[in-house]
1. Which of 197, 240, 266 moves most in a GNM of the chain, Cα contacts under 10 Å?
2. State the three equivalent ellipsoid semi-axes of the stretch 214-291, derived from the C-alpha gyration tensor as the square roots of 5 times its eigenvalues, in descending order and whole Å.
3. If I model the stretch 41-96 as equal point scatterers sitting on the Cα atoms and use the Debye formula, what is log10 I(q)/I(0) at q = 0.12, 0.18, 0.29 Å⁻¹?
4. Plugging the Kirkwood radius over Cα pairs into Stokes-Einstein for the stretch 102-158, at a temperature of 10 °C and a viscosity of 1.306 mPa s, what D comes out in µm²/s?
5. Return the carbon/sulfur percentage of the accessible area of the chain, one whole number, probe 1.4 Å, all protein chains in place.
6. Averaged across orientations, what area in nm² does the convex hull of the alpha carbons in the stretch 144-303 project?
7. How big is D for the stretch 9-59, in µm² s⁻¹ as a whole number, if Stokes-Einstein is applied with the Kirkwood radius of its Cα pairs at 10 °C and 1.306 mPa s?
8. In the stretch 82-177, which trypsin sites (Lys or Arg not before Pro) are in a loop and have at most 13 other Cβ atoms within 10 Å, using DSSP for the loop call?
Amino acid sequence: MSRFEVRKAVIPAAGLGTRFLPATKASPKEMLPLVDKPLIQYAVEEAVASGIEDIIIITGRGKRAIEDHFDRSVELEENLKGSGKAQLLNQMRHISSLANFCYVRQSEALGLGHAVLCAQRLIGDEPFAVILGDEIIDAPVPGLAQLIHVYKKRQGAVLGVQEVPHHDVNRYGIVAPRTIATGLHRVEGLIEKPAPAEAPSNLAVIGRYVLPPEIFSILRKTKPGKNGEIQLTDALLELAKKSPMFALEIQGQRYDAGDKLGFLIATVEFALKNPSLGPEFSDYLKNRPQPFGERRTTRSRKA
Ligand code: G1P
């Protein structure tokens, strides 16, 4: 195996999902369904389509549904077999055979950097990917595969970025770039959620990373930063001072599905693209009847 083969991915899933309350009060936000699959399955499928074999999910209290989702469900399988639903049965079996799944519990929500550090023992001394499942990337070449391609060629950490509106920079890690090719930059600086006036660019890190194992020793020493959390961004800045780091503009449509509006937009777009639902859903949207309340108001105004 080459030293630059990326076989493992970490998916942090211990967050409290406060942006999506009350839906996430007792259910993991990672299990919110985007049309008919939970969000985290999109992240896993992107990883697998990018050549990842081992998926390490960082979980916490109240996240058991994630483990159950990627496990076999013997009772359900028996039921589907008995009722002759072979296609559905195969789909269910496929989910648990997507990859090798490992789970690590993060007992306290100390930040993204700390969540990634929890995977150190399972990653060992090899490069690995990090995927944040809130960010859904719809692309002909999977977002993570685009990063891995650059990692193998350049042999330095690679962050997936996209341009965001300037007033939104305070929601992301922002890169200070030096452009070296179309859509590819050397990372000269990084700042977590800066105020627009302090942002070095509008290139935002969008939840896809390929990192060398050296990041772990840095994470161990990283002090709490923005919002009192151990920030992956702060550790990445230290790494960038020691070795080359790249920011690749990912080609594809990105949805922030961890946010209520972003989730709704993603739902509409994925539903329209869905072969069995799309045509009817599109008809519905085009000929959408006026909602009951609005109809009544209109009539009473005329009266
Ligand atoms: C995290 C990272 C941030 C990154 C963002 C992408 O922030 O800390 O650097 O830009 O994910 O979604 P969070 O959204 O978890 O607050």
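The values are calculated or read from the model by the stated rules, or taken from the named source; none is laboratory data. Bear in mind that the values here come from a model prediction, so they are computed numbers and not experimental data. Heads up, the Cβs are rebuilt from the backbone with ideal geometry, glycines too, and the neighbour counts pull from every protein chain shown. Note: areas computed on protein heavy atoms with side chains; ligands, DNA, RNA excluded. Shrake-Rupley method; radii C 1.70, N 1.55, O 1.52, S 1.80 Å.
1. Maximum fluctuation in the GNM of the chain, among the listed residues, is at 197.
2. Those come to 43, 16, 9 Å.
3. -0.36, -0.73, -1.14
4. Numbers: Rh = 13.4 Å.
It comes out at roughly 119 µm²/s.
5. Result for the chain: 51 percent of the exposed heavy-atom area is carbon or sulfur.
6. 14.4 nm²
7. Approximately 136 µm²/s, per Stokes-Einstein.
8. Details: sites: 85, 93, 105, 121, 152, 153, 154, 171; in loops: 85.
Here the sparse-neighbourhood loop sites are 85.
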